[in-house]
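The values are calculated or read from the model by the stated rules, or taken from the named source; none is laboratory data. This is a predicted model, so every value here is computed, not measured. Here the Cβ positions follow ideal geometry from the backbone for every residue, glycine too, while neighbour counts run over all protein chains shown. What goes into the accessible areas is simple: the full protein's heavy atoms, side chains included, and nothing from ligands, DNA or RNA. Shrake-Rupley method; radii C 1.70, N 1.55, O 1.52, S 1.80 Å.
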Amino acid sequence: MRKRVIRAGEIEIEDSEGRVRARFGVSNDDLPFMSFYGADDKLRARFGVQPDGSAGLAIADDDGKVRATFGLFSDGSASMAMVDRNGKVRAKFGLGTEGSPTLALRNKDGQLGFVYSLAQQGSPTISLQDEDGKVRARIGLAAEGSPILRLLNKEGELRAIIGLTADGTPVMQFLDAKGEPEWTAPSSFSPSHDVPGETPKPSGPKARERG
């Protein structure tokens, strides 16, 4: 049987009343897309491919505002975001290029407030951020499963560490403005098994946490 091929720059699908409900085509930038419309002619979903090969899906509400997106990027990372009616991203779930998952929650102004992530080896970390988007606390598990809490000041400098060692011994350490230990219990404690993927111990003046 001979194959039948339809070639066109854009195809429109109409409903029984002649309203366009779907469009399949190529944009002015020669990028393929699929768009779907509600009975009110408003765009409700769109799937497209970008020049770098990444692909994404956007879903809109009754007002035509994008409320959710899902994308796969050319570097192998992926993300899913939920947006409120004011256009602010309130929640985002993603995978990094190496496959590490991250969940981020934002306040009504779109400012990041909570981040939960897993390191590549599977160790979990929770970050809490202030109204300026700066990390103020991190709690997580080291590679061997030991819990540790880190507290930071407004400048992002590590000031306190509380946790358990691999053998279950409770430890605590306070650091001065230069990032040097000023009180430690027990005195032999050294945070060499900190949250994976981050600098385990500050060194030098004004040692800062990684964002």
Taking the stated definitions as given, is residue 87 assigned to a loop (DSSP other than H, G, I, E, B), within 28 Å of residue 57 (Cβ to Cβ) and not β-branched (Val, Ile, Thr)? yes
It is to be established whether one or more residues within the stretch 117-131 are modelled with pLDDT under 85 and part of a strand (DSSP E or B). yes
Would you mind finding the one in 139, 126, 161 that is open to solvent by less than 40 Å² (accessible area, probe 1.4 Å) and either farther than 23 Å from residue 68 by Cβ or in contact (Cβ under 8 Å) with a residue 60 or more places away in the chain (or both)? 161
Residue satisfying condition, being part of a loop (DSSP other than H, G, I, E, B), surrounded by 10 or more Cβ atoms within 10 Å (Cβ to Cβ), on the phi < 0 side of the Ramachandran plot and among the charged types (D, E, K, R), within set 62, 29: 62
Listed residues 97, 69, 102; which is of a type in the set (Val, Ile, Thr), out of contact with any helix residue (DSSP H, G or I) (no Cβ under 8 Å at 6 or more places or on another chain) and not in a strand (DSSP E or B)? 97
Run down 49, 20 and say which single residue is within 29 Å of residue 77 (Cβ to Cβ), modelled with pLDDT of 90 or more and among the β-branched types (Val, Ile, Thr). 49
So, residue 171, is that one at pLDDT 50 or above and either assigned to a loop (DSSP other than H, G, I, E, B) or touching a strand residue (DSSP E or B) at 6+ places or on another chain (Cβ under 8 Å) (or both) or not? yes
Would you be able to tell me the number of residues in the stretch 64-78 that are at pLDDT 95 or above and of a type in the set (Ser, Thr, Tyr)? 1
For the stretch 39-59, name all the residues that are in contact with a Ser or Thr (Cβ under 9 Å, 6 or more places away or on another chain) and either charged (D, E, K, R) or open to solvent by less than 70 Å² (accessible area, probe 1.4 Å) (or both). 43, 44, 45, 46, 48, 52, 53, 54, 56, 57, 58
Out of 40, 84, 61, which single residue is of a type outside the set (Gly, Ala, Ser), more than 30 Å from residue 101 (Cα to Cα) and at pLDDT below 95? 40
What pairs can you find where one residue is in the stretch 1-14 and of a type in the set (Val, Ile, Thr), the other is surrounded by 11 or more Cβ atoms within 10 Å (Cβ to Cβ), and their Cβ atoms are less than 6 Å apart, with a gap of 6+ or different chains? 11/24; 13/21; 13/22
